[in-house]
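Colleague: Have a look at this one before I ask anything.
The values are calculated or read from the model by the stated rules, or taken from the named source; none is laboratory data. What you see is a predicted model; the values in this text were computed from it and never measured. Using ideal geometry, Cβ is built from the backbone for each residue, glycine included, and neighbour counts are taken over all protein chains shown.
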Amino acid sequence: MFRPRAHHLLALLPSVAILAGVPFANGVRGYVLGLPFLLFWILACVIATSAVMALLGALDRRNEAAAPPPTPGEPESGRP
Amino acid sequence: MSPALLVLAAFLALSLGLGVLAQRGKAMSLEQWAVGGRGFGTLFVFLLTAGEVYTTFTFLGGSGWAYGHGAPAFYIPCYGAIAYAISYFILPPIWRYAAEHRLHSQADFFAAKYRSPALGVLVAVVSVSALMPYLVLQLKGLGIIVSEMSYGAVSPVAAVWTGIIALVAYVTVSGVHGSAWTSVLKDVMILVVVVSLGVILPQRYYGGWQPMFEAIEKAKPGFFALPERGLSVSWFVSTVLLSAVGFYMWPHTFASTYTAKNANVLRRNAAMMPLYQLVLLFVFMTGFVAVLQVPGLRGADADLSLLRLSKQAFSPWTVGFIGAAGLLTALVPGSMILVTASTILAKNVYRLFAPAADDRRLAIVARLAVPVLALAAALLTLHGGTAIVPLLLMGFSLVTQLAPSLFLALGTRPLATSAGAIAGLLVGETIVAWMSFGGVTLAKLFPSWPPGVTDLNVGVIALAANGAVLAAVSLATAPRRARDIE
C-alpha cells in the first residue's frame, strides 16, 4: 500500500511551476537558448518533472529496501 | 512505384511482420493477449507508453496547433508532464490491485473495486464510446498522411482499408505484444524524423531557431504569448489541469499499465516519459517554420502544415520516411485501442451474458471482436462525414469523468459507494454530451462575465457536477456499519 512521505511533496514543484508560473512567464519578453521565454519556461518545467520523479523513485526504492512493503496478497491488516 | 510510396509500403510490411512475429514463443491466452502476461520491463512499458500516447493527433495536430495558434499549443507538453507526475502515485496501487485480481481492463478495475458489475458495464460503455472516435481519428490521420506523402498515388480510402487490414491481422494474432513490438519501430522513427525536421527546417529557412521566432514575431506580434481572450491564461491553466487528470483515464493507456512486471517499472516510467515529451518541441518547430513558408492553411487544414512543408523541403525518398513515421503514429495507438476495446467487449459485456465463460473462451471472443470493431471504425471513417467531429472532441471529456471515482478507489476500500460513482458518472457524461453537441461554452452562457472566468475549459463544470453528485449520493447510500468498523 502507498505510504505518503514528506519527500513526495517534491512532486508538486514542477506542476506548480507550470500552473502558477505560466501566467507570469507569459508576460516575459525575450529569448533564452533561442526560445521565446514562455516556451523555455515550459520546457524547463518538463525536464524538471523528469528529474524530480527520478529522485523520488530513488528515495522510495532506498526506503523500501530498508523496510519492504507488504507483498501482493498479504492482508493489509498485517502491517503494524 | 514512386520512391515515397516504396518507403511507405516497406514500413507497412515491416510493421505487419513485426506485429505478427511478436507473439512467437508465447501461448496466446487472454492474459498474454490483453496484458502481455504482465511481464513487460521498464524498457517495453516505456516504448509502449510513448508508442500509444503520441498519436497522429500529436504529429499532425501538434504542428497544426503551433501553426494555427502559436503559444496555446504549449499546453500539450504541460499536461503530459503533470499527468506523469500523478502517474507516479496512482499507477503502482492500480497495478498491484490489477495483478492480484487478474484484471484485464479498466472497467474490470471499477467493477472489482466497487463490487458492482453495473458500474463495470457503465465504464465499459463509456470506454468504447470514447475509444471508437479515437480510432476513427487515427484512421482519418492515416488516410491523410498516406495520400499526401504518396503524392496522391494512394487515395485516402485505399490507405484506410490497407491500414485497417494490417492492423486487424497483427492485433488478432499478437494482441498487445504486437503493439509493443511495432512501438519499437515507431518510437525510433518518430524521434529521428521529428528531431531532424525540427532542427533542419528552421536552420534551412531562417538560419536557426531564434531568427525564426524573431521573423514570426515581426509578422505576427504576440504569436508566442497567450492571448488576452479565448485561448488565454485561464483557458491554458484549466485545460492543462483537466487534461492531466484525464490522461490516464483513457482505457487503453490505463490498461497498458497492467503489462508492467512490477510497480517500480511504472515509477521509472514516470521519470522517463516527461523527457520523451521533448519531441513535441521539435513538432512545434516544424509548425512554426510553416507559418511563413506555407501560409494560408485555415481551420482543419492547419493540420496539414507539417506534411506540406516536408513535401516542399525534401526529396521524395525523405518524404516517404516522414510519411512512414506518420503512418506508424496511426498504427500503434490504433492497435492498442483495438486490443483494449475488444478486451472490454469480451470481459465486460459478453461475459454478462455468458457468466460461465472461462479465459480461453474470452480470449476467442476478444479476438473475434477485433475485425468487427475495425470494420465499424473503417466505415465510420469513410462514411461518418462530419458527424464524427463532436464525438472526437468529446472523447477526452468522456474519459475524464472517470477520474473522481477512480481517485477515490485507490485505497484499500473505495471512499465512495457504487451508487455514488454511477450517479456522478451519469451526470458528468450527460453534461459533457450536452456541451459537446450543443457547442456550449461559458462565454455563450454568461457573456457578461469576465474572460478570466468564461475562458475556463467547460469540462471543469461537468467534473465539478460529477464530483458533487458522487459525494451526495455516496453519503446518502453509505452503509452505517461500514463507517462503524472504520
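Colleague: Can you find a residue in region B:8-27 that is of a type in the set (A, V, I, L, M, F, W, C) and in contact with a strand residue (DSSP E or B) (Cβ under 7 Å, 6 or more places away or on another chain)?
Modeller: no
Colleague: Further, regarding this structure: If I ask for residues that are of a type outside the set (Phe, Trp, Tyr), in a helix (DSSP H, G or I) and touching a Leu at 6+ places or on another chain (Cβ under 7 Å), which ones from region B:95-116 would you list?
Modeller: The answer is B:Ala111, B:Ala112.
Colleague: Further question on the same structure: Run down B:Gly141, B:Gly207 and say which single residue is of a type in the set (Gly, Ala, Ser) and under 20 Å from B:Phe59 (Cα atoms).
Modeller: B:Gly141
Yes/no per residue for (1) touching a Ser or Thr at 6+ places or on another chain (Cβ under 6 Å); (2) facing chain B (nearest Cβ under 9 Å); (3) modelled with pLDDT of 90 or more:
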residue: A:Met1; (1), (2), (3): no, yes, no
residue: A:Val16; (1), (2), (3): no, no, yes
residue: A:Val52; (1), (2), (3): no, yes, yes
residue: A:Arg61; (1), (2), (3): no, yes, no
residue: A:Ala66; (1), (2), (3): no, no, no
residue: A:Pro70; (1), (2), (3): no, no, no
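Colleague: Mind checking which helices (runs of 4 or more DSSP H) fall wholly inside region B:1-78 and carry at least 3 residues that are in contact with a Pro (Cβ under 9 Å, 6 or more places away or on another chain) and closer than 18 Å to B:Met336 by Cα?
Modeller: B:42-53
Colleague: I would also like to ask the following. What number goes with the only condition from (1) in contact (Cβ under 8 Å) with a residue 40 or more places away in the chain; (2) within 14 Å of another protein chain (Cβ to nearest Cβ) that B:Tyr97 does not pass?
Modeller: B:Tyr97 satisfies every listed condition except (1).
Colleague: A further question follows. Quickly run through region B:310-336 and pick out the residues that are more than 27 Å from B:Leu47 (Cβ to Cβ) and buried (at least 24 other Cβ atoms within 10 Å of the Cβ).
Modeller: Listed by number, the list is empty, since nothing qualifies.
Colleague: Okay, moving on. Does any residue of region A:30-48 turn out to be of a type in the set (Gly, Ala, Ser), facing chain B (nearest Cβ under 9 Å) and over 17 Å from B:Tyr79 (Cα atoms)?
Modeller: Within region A:30-48 (the criterion being of a type in the set (Gly, Ala, Ser), facing chain B (nearest Cβ under 9 Å) and over 17 Å from B:Tyr79 (Cα atoms)), the answer is yes, since at least one residue qualifies.
Colleague: Please give the number of the condition B:Val184 fails out of (1) within 18 Å of the chain's Cα centre (by Cα); (2) surrounded by 21 or more Cβ atoms within 10 Å (Cβ to Cβ).
Modeller: Among (1) within 18 Å of the chain's Cα centre (by Cα); (2) surrounded by 21 or more Cβ atoms within 10 Å (Cβ to Cβ), B:Val184 violates only (2).
Colleague: Of the numbered conditions (1) more than 17 Å from the chain's Cα centre (by Cα); (2) more than 16 Å from B:Trp95 (Cβ to Cβ), B:Val265 fails exactly one; give the number of that condition.
Modeller: (2)
Colleague: Failed condition for B:Gly287, given (1) touching a helix residue (DSSP H, G or I) at 6+ places or on another chain (Cβ under 7 Å); (2) away from chain A (no Cβ under 11 Å); (3) outside any helix (DSSP H, G or I); (4) of a type outside the set (Val, Ile, Thr), with all others met?
Modeller: It is condition (3) that B:Gly287 fails.
Colleague: Could you look through region B:355-373, keep only residues that are part of a loop (DSSP other than H, G, I, E, B) and not small (Gly, Ala, Ser), and pick out the one that is surrounded by the most Cβ atoms within 10 Å (Cβ to Cβ)?
Modeller: Within region B:355-373, the match that is surrounded by the most Cβ atoms within 10 Å (Cβ to Cβ) is B:Asp358.
Colleague: Quickly run through region A:18-29 and pick out the residues that are facing chain B (nearest Cβ under 7 Å) and either in contact (Cβ under 8 Å) with a residue 60 or more places away in the chain or assigned to a helix (DSSP H, G or I) (or both).
Modeller: Answer for region A:18-29, where residues must be facing chain B (nearest Cβ under 7 Å) and either in contact (Cβ under 8 Å) with a residue 60 or more places away in the chain or assigned to a helix (DSSP H, G or I) (or both): A:Ile18, A:Leu19, A:Val22, A:Pro23.
Colleague: Would a scan of region B:87-107 turn up a residue that is crowded, with 24+ Cβ neighbours inside 10 Å, farther than 30 Å from B:Asn457 by Cβ and within 20 Å of the chain's Cα centre (by Cα)?
Modeller: yes
Colleague: Are any residues in region B:234-281 among the β-branched types (Val, Ile, Thr) and touching a residue at least 40 places away in the same chain (Cβ under 8 Å), and if so, which ones?
Modeller: B:Thr239, B:Val240, B:Val245, B:Thr253, B:Thr257, B:Thr259, B:Val265, B:Val279 - these are the residues of region B:234-281 that are among the β-branched types (Val, Ile, Thr) and touching a residue at least 40 places away in the same chain (Cβ under 8 Å).
Colleague: With the checklist (1) more than 14 Å from chain A (Cβ to nearest Cβ); (2) farther than 27 Å from B:Val427 by Cβ; (3) within 17 Å of the chain's Cα centre (by Cα) in hand, flag the one item B:Ile76 doesn't pass.
Modeller: The one condition B:Ile76 does not meet is (1).
Here's the yes/no breakdown for (1) over 25 Å from B:Leu456 (Cα atoms); (2) surrounded by fewer than 22 Cβ atoms within 10 Å (Cβ to Cβ):
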site: B:Met394; (1), (2): no, yes
site: B:Val399; (1), (2): no, no
site: B:Phe407; (1), (2): no, yes
site: B:Leu415; (1), (2): yes, yes
site: B:Val427; (1), (2): no, yes
site: B:Ser436; (1), (2): no, yes
site: B:Gly439; (1), (2): no, yes
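Colleague: I'm trying to understand the selection: among the residues of region B:410-424, which are out of contact with any Leu (no Cβ under 6 Å at 6 or more places or on another chain) and either closer than 20 Å to B:Ser243 by Cα or β-branched (Val, Ile, Thr) (or both)?
Modeller: Within region B:410-424, B:Leu410, B:Thr412, B:Thr417 qualify.
Colleague: Please state which one of B:Ala376, B:Ala346 is at pLDDT 90 or above, surrounded by fewer than 24 Cβ atoms within 10 Å (Cβ to Cβ) and at negative phi.
Modeller: B:Ala376
Colleague: Name the one entry in B:Gly36, B:Gly41 that is within 27 Å of B:Arg268 (Cα to Cα), within 23 Å of the chain's Cα centre (by Cα) and surrounded by fewer than 18 Cβ atoms within 10 Å (Cβ to Cβ).
Modeller: Criteria check complete, one pass: B:Gly41.
Colleague: State yes or no: is A:Ala11 at pLDDT 90 or above and either surrounded by 12 or more Cβ atoms within 10 Å (Cβ to Cβ) or of a type in the set (Phe, Trp, Tyr) (or both)?
Modeller: No, not satisfied.
Colleague: Looking at B:Leu48, is it surrounded by 24 or more Cβ atoms within 10 Å (Cβ to Cβ), in contact with a strand residue (DSSP E or B) (Cβ under 8 Å, 6 or more places away or on another chain) and either within 17 Å of B:Leu297 (Cβ to Cβ) or not polar (S, T, N, Q) (or both)?
Modeller: Spelling it out, B:Leu48 is indeed surrounded by 24 or more Cβ atoms within 10 Å (Cβ to Cβ), in contact with a strand residue (DSSP E or B) (Cβ under 8 Å, 6 or more places away or on another chain) and either within 17 Å of B:Leu297 (Cβ to Cβ) or not polar (S, T, N, Q) (or both).
Colleague: So which residues in region B:416-467 are of a type in the set (Ser, Thr, Tyr) and assigned to a helix (DSSP H, G or I)?
Modeller: Once the filter is applied, which keeps residues that are of a type in the set (Ser, Thr, Tyr) and assigned to a helix (DSSP H, G or I), region B:416-467 yields B:Ser418, B:Thr430, B:Ser436, B:Thr454.
Colleague: Take the residues in region B:187-207 that are within 13 Å of another protein chain (Cβ to nearest Cβ) and more than 32 Å from the chain's Cα centre (by Cα), then tell me which one is surrounded by the fewest Cβ atoms within 10 Å (Cβ to Cβ).
Modeller: Among them, the one singled out is B:Gly207.
Colleague: Within region B:241-257, does at least one residue satisfy the condition of being within 11 Å of chain A (Cβ to nearest Cβ) and surrounded by fewer than 16 Cβ atoms within 10 Å (Cβ to Cβ)?
Modeller: No: zero hits.
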